[in-house]
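The values are calculated or read from the model by the stated rules, or taken from the named source; none is laboratory data. Keep in mind that what you see is a predicted model, and the values were worked out from it rather than measured. Note that we place each Cβ from the backbone using ideal geometry, even for glycine, and neighbour counts take in every protein chain shown. SASA here: full protein model, heavy atoms, side chains in, ligands and nucleic acids out. Shrake-Rupley method; radii C 1.70, N 1.55, O 1.52, S 1.80 Å.
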Amino acid sequence: MAVSTLDRLLRTRWWIRKWWLLHRLTDRDEALERLTAYAEDADDPDLYLLHLALVRRAGEVGPATATREVRTYVRQVPDYAVAGAGAYKSYLAGGDPQMLDIAIAIFEKAAALTGEGLPERSTVLSNFGLVLTERHDLPQALDTLAEAVRCAPDPDRHLAATVNYASALTTSGDPATAATLLDGLDAPQALAALGHACLELFRIAGDPVDLDRAVAALDSVAAPDDPRWLTNLGVALSERHLLTGRPDDLDRAVALLRAAVAASTPGSPDRPARLADLGSVLAERGPADLDEAVVVLREALRDTAPGSPDHPDWQQNLALVLRDRYVRDGDLPDLEQARTLLEPYADSAPDQLAVTLRMRWQRRGDPADLDRAVTLHRIAIAETGPHAAVVHNNASGTYRALWTATGDPAALGLALDAYRAALAALPATSPERPAALANLSMGLLNRHTVTGDRADADEAVAVARHAGQALKLANVLRARYELGGDPRDAEEAEDAYRSAVVEPTLGETWLRSAQAYGDWATSRQHWPDAAGAYGAAVTAADRLLRRQLSPADVEAWLFAVRTLPAAAAYAHLRLGETTTAVDRLEWGRARLLTDALERDRADLRALAETAPDLAARYRTAAVRLRTSEVRR
């Protein structure tokens, strides 16, 4: 309110008569009642409120003090409001916590000058509570915002205060109360806040109804330039995809979260969180987006202080994406980095470190990795909470690995129990369910190989069909065919193997699928199919080997494909293709020699640093040896 407005008020007959009455009348209550009646003559609602506040305050401290206080309010509070809003916007743009502290200090001064009944009291308190919420001073923020709602003089200011109050409730962990406050309000800002509250309520209680309410509320608001709206709707859609598997939700979530990042200025305090959300959703969408997900999550971590409460979650998310990329490409450095990133959280998040160690054991064969993975998964199952399905599914893979390493039937029993517990905890529409079904089918197949029980083979086939993973379906059908000899199983297994080899998207998966198909075709003496499958396996292995950076990583993959060159050569020999058979053998020999040469070079470089004369003698001897080999 401008100073001229206050001057208008103080020069009117109302204030003059009020002044006189307050001085002359002995009954103060009667004076205040009569002055309030005069105030109702004002046409401007804010002028009326100011007039009324002046009357009431004069009754408490006298007309002179009341006039001085109101003049100070009118002259200073608008400037404080502008300065506070400017400092807050600067904080949002650049992330400087000092600017947030300045905004809080300014709004606190404004609140101190805006007494009961003054027109802007609700707005000032609402802004003060908003910046307190941003700094997570939640008890003071909630008290301040509750007062802002109580004293709001009109519907517009009541709405603004209610939205800020509800947002603070959501931030403080009480989204249920926030949703109750906002329910029925159809203003865009109220619907946006309701969507956020329902999203958090779903995360706490897991009720899909709350998630649908969140998506519906946020979808009804069109705010393409607001990064907070873009983020909340994108996250809600990605959560619904995890629950229902709807691909359109996931694609839309990626687009919204990309827009949210683009709308966030560099240095904004919310930008790292938006990058982390985008990285997680990209990884969720599949192998093709993993490289971008790694880049985005690295940027989120880079822009986040190690002491931030978000840093552990984002570091673990990056580790999981690196591990997924290892599965796709077979790059062991990705797996090693994932393990390094997860190690600090061995106590708080044992499950994912256990999975990583088990995968490391599968590639490197160190028993210590498997032993520790088993120990960590026993701890994780004992502490399982809202992520029970994931923990049980992961632990079952570790128990199966233990059975593979030791032959202990108890370990296989634990694996099957964990698979079934995972499936019991997963909703029927969960996109995680096919992987759990596929894993259960392999556990049943393992038990079938031990007991020979036809019932296990039948259940494994039935479960694998529901899982929809071609390689695992082929493996269980093959096992049942070998048990019963039903040609229909053989035909279906062959079709499943072909399907598994068609799409070369995941390096290790493609390699295992092609090798398994080649082995199956060889066992049936279908030499054209065997040669083709082994050829695909050689291509997959070559890609994996070329991506490795260290001799140790190359050696690990060479061990995994050690039988491939001979098997492929044999298939071509049975077809009379001797030249191709020799090529397959030479491919294996060349790979082994390249690995040996690289190790020699690495060793020679180390030797040259410590004993240059000895290194020179070694080079001379190596030249003589190669010359003699050529002559022979």
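Data overview
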item	result
Residue tally, condition of a type in the set (D, E, K, R) and open to solvent by less than 60 Å² (accessible area, probe 1.4 Å), over the range 145-173	3
Residue in the range 291-309 that is closer than 22 Å to Thr509 by Cβ, touching a helix residue (DSSP H, G or I) at 6+ places or on another chain (Cβ under 9 Å) and not acidic (Asp, Glu) present	yes
Condition met for Leu376 (crowded, with 23+ Cβ neighbours inside 10 Å and aliphatic (A, V, I, L, M))	yes
Some residue of the range 107-120 being open to solvent by 50 Å² or more (accessible area, probe 1.4 Å) and under 31 Å from the mean Cα position of the chain (by Cα)	no
Out of Ala533, Ala556, Ala541, sole residue that is at pLDDT 85 or above and open to solvent by less than 40 Å² (accessible area, probe 1.4 Å)	Ala533
Filter result for Ala148 (touching a Ser or Thr at 6+ places or on another chain (Cβ under 6 Å) and not assigned by the TED database to the domain that holds Val74)	no
Helices (runs of 4 or more DSSP H) enclosed by the range 332-431 - at least 3 residues per element that are without any contact (Cβ under 8 Å) to a residue 60 or more places away in the chain and more than 24 Å from the chain's Cα centre (by Cα)	367-382, 388-406, 409-425
Of all residues making up the range 473-492, the number that are open to solvent by less than 50 Å² (accessible area, probe 1.4 Å) and either among the hydroxyl-bearing types (Ser, Thr, Tyr) or within 37 Å of the chain's Cα centre (by Cα) (or both)	5
Filter pass, Ala87 being free of Cβ contacts under 8 Å to residues at least 40 places away in the same chain, over 23 Å from Pro269 (Cα atoms) and open to solvent by less than 40 Å² (accessible area, probe 1.4 Å)	no
Test: residue in the range 277-289 that is surrounded by fewer than 18 Cβ atoms within 10 Å (Cβ to Cβ), at pLDDT below 90 and within 14 Å of the chain's Cα centre (by Cα)	yes
Test set (1) farther than 27 Å from Pro427 by Cβ; (2) in contact (Cβ under 8 Å) with a residue 12 or more places away in the chain - Thr244 fails condition number	(1)
Selection count where residues are surrounded by fewer than 23 Cβ atoms within 10 Å (Cβ to Cβ) and without any contact (Cβ under 8 Å) to a residue 24 or more places away in the chain, scope the range 174-209	10
Residue in the range 565-585 that is surrounded by 18 or more Cβ atoms within 10 Å (Cβ to Cβ), out of contact with any strand residue (DSSP E or B) (no Cβ under 7 Å at 6 or more places or on another chain) and under 25 Å from Ala438 (Cα atoms) present	no
Some residue of the range 399-407 being closer than 30 Å to Asp486 by Cβ and open to solvent by 70 Å² or more (accessible area, probe 1.4 Å)	yes
In the range 561-581, residue farthest from Pro333 (Cα to Cα) [restricted to those that are part of a helix (DSSP H, G or I) and touching a Leu at 6+ places or on another chain (Cβ under 8 Å)]	Ala581
Test: residue in the range 415-431 that is open to solvent by 50 Å² or more (accessible area, probe 1.4 Å), out of contact with any helix residue (DSSP H, G or I) (no Cβ under 6 Å at 6 or more places or on another chain), of a type in the set (S, T, N, Q) and over 23 Å from Leu353 (Cα atoms)	no
